[in-house]
Amino acid sequence: MPRPVHLVAAGHAHPDRVLTSAELERTVPGLASGWSEKYLGMHSRRVLGVEGRVSDLLVGAVDDALAEVGWTGDSLDAIVCGTVFPDQVVPGSASYVACVHNPSAVAFDVSAACASFIYALSTVGGLLQTDGFTRAAVCSAEHPTAYADYTDPRSCVFFGDAAGAVLCTTETSTVPSFEVVDIALNGDHEFPEKVFVPRNGTFRSDGRYSFAEVLRLGSDVIATLLERNDVDPGSIAGSVMHQASERVLEELSRHSGMPLERQWHNFEWAGNQSAAGVVTAFSAGWKQHHPHLVPGDHVVLAAVGGGYTGAAALLRWRA
């Protein structure tokens, strides 16, 4: 039988620089006053400077998680980073964490657009069933502002930079943890270039088409996950969606039946952080809400990325 995988800690890191919607309205041609707040629910986002490196945030997020549970970095057997907006093509972002904590660890990146973190979590779940792997870091480090066009309101207004991480193990947990109950994946790759970032280019998206795909794939993958585990969506203690916008989160909640008031989110001040948004909001939500969780409570993570890639994970609280 597969060994249960437990998430024993989480960490996150955001840049210090705050970019407000008001600042964007003063500098981006064609961006209407109040548009970000009204249609996205975002009043600010966190951004790296020109010389900033998201891999530095990533190391900080992993350090945050290690401190939470008291592990040392050299105990990590594997480090997998889900990312689509890294600092560079090579080396992978996971290599920087390994360089700091365990240079001999298995370390690599996984890319599935904004669903990359959950795809990485699924990948690590398989690794931890393999002999020689008992502890792993699953992380995401995203620098989408480096690929945004700040002359185009359809590109730059959404994004913020961030990194987050969770620590996983198949060891018997001695601390309160989340057990990974199940992960579901889906996709629709009929029109992959509806979301497109060319090499050395900037982000482009068919927003209307992408919105419909996010709702369809997101609702379907959540329904699949909950139905095959016989979980009532109304009973979910917490849900963490890709932090795209207020409207996306409202519609996904309505379509899935999971209570909107139990969502854990940070998009309103951190922006759309691509794949990192799920893990940063989960990490902060875990720290905030764990005193109110009871054993057996379920939390759902879900995201849809360009391409299109869908993913959802069902976690169960164990105290």
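FYI, it's all coordinate maths here, none of it is from the lab. Quick caveat: nothing in here was measured; it's all calculated off a predicted structure. As a convention, Cβ positions derive from the backbone with ideal geometry for all residues, glycine included, and neighbour counts pool all protein chains shown.
Quick look at the numbers
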quantity	calculated
Calculated [θ] (222 nm, deg cm²/dmol) that DSSP helices of n ≥ 4 give over the chain, each run adding -39,500 (n - 2.57)	-9500 deg cm²/dmol
Relative packing of peptides 226-238, 157-169, 3-15, 248-260 - highest average C-beta neighbours within 10 Å first	157-169, 3-15, 248-260, 226-238
Gyration tensor verdict on the stretch 92-234 (Cα atoms; rounded if a/c is under 1.5, prolate if a/b is larger than b/c, oblate otherwise)	oblate
Residues GLU142, GLU190, GLU268 arranged by fewest to most Cβ contacts within 10 Å	GLU190, GLU268, GLU142
Order by protection proxy (mean Cβ within 10 Å, highest first), peptides 79-90, 171-182	79-90, 171-182
Built amide H within the under 5 Å cut-off of HIS265, gap 5+	none
Förster-model FRET efficiency, 35 Å R0, THR224 and GLU25, C-beta, rounded to 0.05	0.30
Rounded to 5, the percent of DSSP beta bridges in the stretch 177-318 classed as antiparallel	80
Degrees separating the helix 207-228 axis from the principal Cα axis of the chain, which is the longest one	20
Ranked list, fewest to most other Cβ atoms within 10 Å of each Cβ, for THR202, THR72	THR72, THR202
Ascending count of other beta-carbon atoms within 10 Å, so fewest first, for TYR209, TYR147, TYR119	TYR209, TYR147, TYR119
Computed over the chain: relative contact order in percent, which uses C-alpha pairs under 8 Å that are six or more apart	25
Nearest-0.05 FRET efficiency for LYS287 and ASP232, computed from C-beta distance (R0 30 Å)	0.70
Projected label distance in nm at THR174 and THR202, using a 7 Å step from Cα toward the beta-carbon	5.3
